[in-house]
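The values are calculated or read from the model by the stated rules, or taken from the named source; none is laboratory data. All values derive from a computational prediction rather than experimental measurement. FYI the Cβ positions are ideal-geometry reconstructions off the backbone, even for glycines, and counts take in every protein chain you see. Surface accessibility is based on the protein's heavy atoms, side chains included, excluding ligands, DNA and RNA. Shrake-Rupley method; radii C 1.70, N 1.55, O 1.52, S 1.80 Å.
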Amino acid sequence: MKRPVPYVPSPSPAASLRRVLVAVLCLSVVLTAAPSVGSADAAPAAPAAPIGGAQPSFGPNVMVFDPSMPVSQIQAAVDAVRDRQVDNEMGTDRYALLFRPGTYGSAAEPLIIQVGYYTEVAGLGLNPTDVTINGHVDVYNRCRAASGCIALDNFWRTVSNLTINVMGLDGCRSSANFWAASQASPMRRVNVTGGNLTLMDYCTDGPQYASGGFIADSKTGFVINGSQQQYIVRNSNVGGWSNGVWNQVFSGVVGAPDECFPAVPGGCGPYTTLARTPASREKPYLYVDAAGTYQVFVPAARVNSSGASWDDGPTPGRSIPLSTFFIARPTDSVQAINNQLSRGRNLLLTPGVYDIGRTITVKRADTIVLGIGLPALTAVNGAVVMEVADVEGVDIAGITIDAGTKNSPVLLRIGKKSGRNHNSDPANPTALQDVFFRIGGPHVGKADVSLEVNSDHVILDDIWAWRADHGNAGTVGWKINTAKNGVVVNGDHVTATGFFVEHYQQHNVIWNGNDGVVVLFQNELAYDPPSQKAWMQAPGVNGWSALKVADSVTRFNGYGMGSYSFFNQGVDIFAENAFEVPATLAPGSLHNLLTIFLDPAKGKGGITHVVNGTGGSSTIANPSTPVTVVDYPAVP
C-alpha cells in the first residue's frame, strides 16, 4: 500500500555531479575499448565492441561507459547519480547509465550501482551476456521517520540487458542482489549469476514492505520474494522462488512454482501459474553492434511461449539502425517531432521532461517510439499527448505520460475510436512496454482517461496508470487530480501482462473488446471519496469497480487479479464489487481473484463482494486478509 507521505525536495545539482557527467561523456567518446577488466572468478562476457564513429548526441543525462574506464571513475559517476536521485521522487531529472559490451568490476574492485528514481541502467550488447557487472545493481528501502523503512514508493527506475554477477559489499548487503522496488520499476533481459536475487530489502529496520513489480525475459538463480505484495514474472527462467504474499503470478516461466491459490497456511502460494504466455512482445532496446555502430533491436512477437527469448540463442527479431531515428531532446517542439515522424523516422526520446501542447501523431506502421532514461511527456493545455493510427506493428516503450493542469480527454490513444479499419496483424501486433501514466504527484494533473486502446491485437506489457495518492503539496485531492478511468479497451484480442491501474474515480478499467486477456491485474481503489454519496455509480450501487467488462463482451480471460481498498477520509465508503463482468462468460474465465482491506488503523468501509455479488466482504473485520474467488463463473 502506498501511504501518503510528505515530499522533501532534493538539493540543487552539485558542481561535482556536473564535472563527473562531463568527464564520463568525454571518455565514452574518446577512449578505445580495452580488454575486459576482471578477475579469474568473474563471469564470462563478450569482448568489448570497438567504438565506431562519433558518439550519438544523447544529451547530458545519458552516460555511456566503456570497459576501459577505471572502475573507480565509473563508481564515482554512478554514485553521483545515486546521490542526486535516490530521494528525488517528484523531481524532473532523468538519467540513463549505459554500458558498452564488456566486463565491469572485479572481485577485488566490484562495481556497486544503487538505482534511484528516474534512472535506467542498461547494457548495450545484443545479448544480456555481452555486458557483465561484477558487483551489484541494487534498489534499497527508503527510510523516513513518517513511514519507517519501506519500498512501497520505490517507483520509476529500470535495469535491463546485462548480467549481474553478484559480488562485493559486506554483511547483509553481500547476501544477494537487491531489487526492492514497486510499480514502474521493471527488470528486463537480466541474467543474475553468482548469488540470489531478492525483491525485498531485509537489511534495514522495518516494516520493509514492498508493492511490486515486474520481471520479464530474464534468467535468475533463487529469488527471494519476501514482502512483495504482488509480482509478475513473465517468460523467464528462475532457479526457485521463496514465497508469496497476496498475488504472485508466473506466466511462461521455466522453474516457476506450481499453482497454489489461495495460499495454504504454512505451505504454498498464493501462486497463479500459467505454463505459457498467450501473447507477448519484448521491449525494443538500444545496442552497439560488432562494428561499434548503434542499432535498435525490435524483438519478434511470440505466442503461447515460455522461457527467456534468448534461452536457446539470440532473440528473434530485427535490427534498425539508430540513424533511422530522430533523437529528441526536451527542447524539441512537437512540430519538429511530428515532421520527423511524417518523414518515416522512428523516435528516440532522451531523458527529461517534455511539454506536449499538441498531439504527437504516429501514422506509419512499424514505427518505434523508444524512451531512454524514463523520459516524461506532460500534457499542456489539455492536449492528447500521443495518438497512434490504426496500423500494425507500432511499438511504444519506456515513457511516462503525465496529465497537465488543464483536463485532457485522453493521454494516449491507440487506434481510432470509431470507424476502425481493423488493420492489425496478430503476427505483428502493436505493443506498449513500460508505459506509465500519472495524474498528479509532481504537479496538478487532470485527464478523463489515461490510455484508450481502440486497435485490435495490441499487447500491453507492464502498464502502470496511477492517479496519485501522494505528491508535492497541493497536487493531490478528490477535486484536484481528477480522472475518471485509467484504461479503456475497445479493441479485440488485446492482451495485458502486468496491468497495474490505481485510484481512479470511476471504473479503473473498462474493457469493451472481445477476446481480451489479462495476466496479473493489480488495483487499489481511490483512497479519497469524500462520502458514499459522492461515489455511487448508480442509485443503490455503491462505488465503482476495479475492472468492468462490458455486458456486450462474450469472451474475456483474467488470471491473478486483485483489488484493494483503503478509504482514508474517516467515513465508511464501500464498493459493491471489485470486478464486474458478464455472467454469461464461459466458466472459469476469471481465475484467482482477490480483494483486501488495507490498514485498519486508518481505513474505513471496504469491498462488499469480489465479483458480481460473489465472494465475501473485505472490511475492517478481516484486514490484510485476501478474500478469494478461484473461478468465475464457477466451474461445474
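Observations, loosely collected:
- In the range 399-423, residue farthest from Ala279 (Cα to Cα) [restricted to those that are among the small types (Gly, Ala, Ser) and open to solvent by less than 10 Å² (accessible area, probe 1.4 Å)]: Gly404
- Selection from the range 326-336 of residues that are out of contact with any Asp or Glu (no Cβ under 9 Å at 6 or more places or on another chain) and within 17 Å of Pro56 (Cβ to Cβ): Ile327, Ala328, Arg329, Thr331, Asp332
- Taken together, the residues in the range 477-487 that are touching a residue at least 40 places away in the same chain (Cβ under 8 Å) and either open to solvent by 10 Å² or more (accessible area, probe 1.4 Å) or assigned to a strand (DSSP E or B) (or both) amount to 5.
- Residue in the range 352-368 that is open to solvent by 20 Å² or more (accessible area, probe 1.4 Å), part of a helix (DSSP H, G or I) and not hydrophobic (A, V, I, L, M, F, W, C) present: no
- Selection within the range 268-301 - among the small types (Gly, Ala, Ser) and outside any strand (DSSP E or B): Gly269, Ala275, Ala290, Ala291, Gly292, Ala300
- Any chance Ala586 is at pLDDT 95 or above, among the aliphatic types (A, V, I, L, M) and under 26 Å from the mean Cα position of the chain (by Cα): no
- If you go through the range 195-228 and keep only what is aliphatic (A, V, I, L, M) and either more than 21 Å from Trp310 (Cβ to Cβ) or open to solvent by 10 Å² or more (accessible area, probe 1.4 Å) (or both), you end up with Leu199, Met200, Ala210, Ile224.
- Residue list for the range 316-347, filter: surrounded by fewer than 15 Cβ atoms within 10 Å (Cβ to Cβ), closer than 15 Å to Met386 by Cα and either of a type in the set (S, T, N, Q) or under 26 Å from the mean Cα position of the chain (by Cα) (or both): Ser333, Gln335, Asn339, Ser342
- Residue count, the range 311-366 (criterion: of a type in the set (S, T, N, Q), under 27 Å from Asp456 (Cα atoms) and touching a Phe, Trp or Tyr at 6+ places or on another chain (Cβ under 8 Å)): 4
- Restricting attention to the range 156-209, the residues that are in contact with a helix residue (DSSP H, G or I) (Cβ under 8 Å, 6 or more places away or on another chain), over 30 Å from Leu432 (Cβ atoms) and free of Cβ contacts under 8 Å to residues at least 40 places away in the same chain add up to 3.
- Counting the residues of the range 290-349 that are within 17 Å of Leu377 (Cβ to Cβ) and among the hydroxyl-bearing types (Ser, Thr, Tyr) gives 2.
- Within the option set Ser185, Ser160, being part of a strand (DSSP E or B) and either of a type in the set (S, T, N, Q) or at pLDDT below 95 (or both) holds for one residue only, Ser160.
- Among the residues examined, Lys548 qualifies as of a type in the set (Lys, Arg) and assigned to a strand (DSSP E or B).
- Residue in the range 620-633 that is of a type in the set (Ser, Thr, Tyr), under 30 Å from Asp492 (Cβ atoms), in contact with a strand residue (DSSP E or B) (Cβ under 9 Å, 6 or more places away or on another chain) and touching a residue at least 40 places away in the same chain (Cβ under 8 Å) present: yes
- Candidates in the range 230-262 are the residues that are polar (S, T, N, Q) and free of Cβ contacts under 8 Å to residues at least 24 places away in the same chain; of these, the one that is surrounded by the fewest Cβ atoms within 10 Å (Cβ to Cβ) is Ser242.
- In the set (1) open to solvent by less than 10 Å² (accessible area, probe 1.4 Å); (2) under 22 Å from Glu259 (Cβ atoms), the condition left unmet by Asn557 is number (1).
- Residues that are touching a His at 6+ places or on another chain (Cβ under 7 Å), modelled with pLDDT of 95 or more and surrounded by 22 or more Cβ atoms within 10 Å (Cβ to Cβ) are absent from the range 126-138.
- Test: Val139 is in contact with a helix residue (DSSP H, G or I) (Cβ under 8 Å, 6 or more places away or on another chain), in contact (Cβ under 8 Å) with a residue 40 or more places away in the chain, within 21 Å of Leu111 (Cβ to Cβ) and among the β-branched types (Val, Ile, Thr): no
- Contact map, the range 271-292: residues that are crowded, with 21+ Cβ neighbours inside 10 Å paired with residues that are at pLDDT below 95, Cβ distance under 7 Å, separation 6+ or inter-chain. Pairs shown: Val288/Ala49.
- Complete set of residues in the range 59-89 that are open to solvent by less than 10 Å² (accessible area, probe 1.4 Å) and in a loop (DSSP other than H, G, I, E, B): Asp66, Pro67, Met69, Asn88, Glu89
- All of (1) charged (D, E, K, R); (2) in contact with a helix residue (DSSP H, G or I) (Cβ under 6 Å, 6 or more places away or on another chain); (3) open to solvent by less than 10 Å² (accessible area, probe 1.4 Å) hold for Glu109 with one exception: (3).
- Just one residue in the set Pro314, Pro265 is under 29 Å from Ser618 (Cβ atoms), assigned to a loop (DSSP other than H, G, I, E, B) and not hydrophobic (A, V, I, L, M, F, W, C); that residue is Pro265.
- Residue count for the range 112-125 satisfying the condition of being assigned to a loop (DSSP other than H, G, I, E, B) and either open to solvent by 10 Å² or more (accessible area, probe 1.4 Å) or closer than 26 Å to Ser182 by Cα (or both): 5.
- Selection of the range 569-588 for residues being over 16 Å from Trp246 (Cβ atoms), of a type outside the set (A, V, I, L, M) and buried (at least 20 other Cβ atoms within 10 Å of the Cβ) yields Asn577, Glu580.
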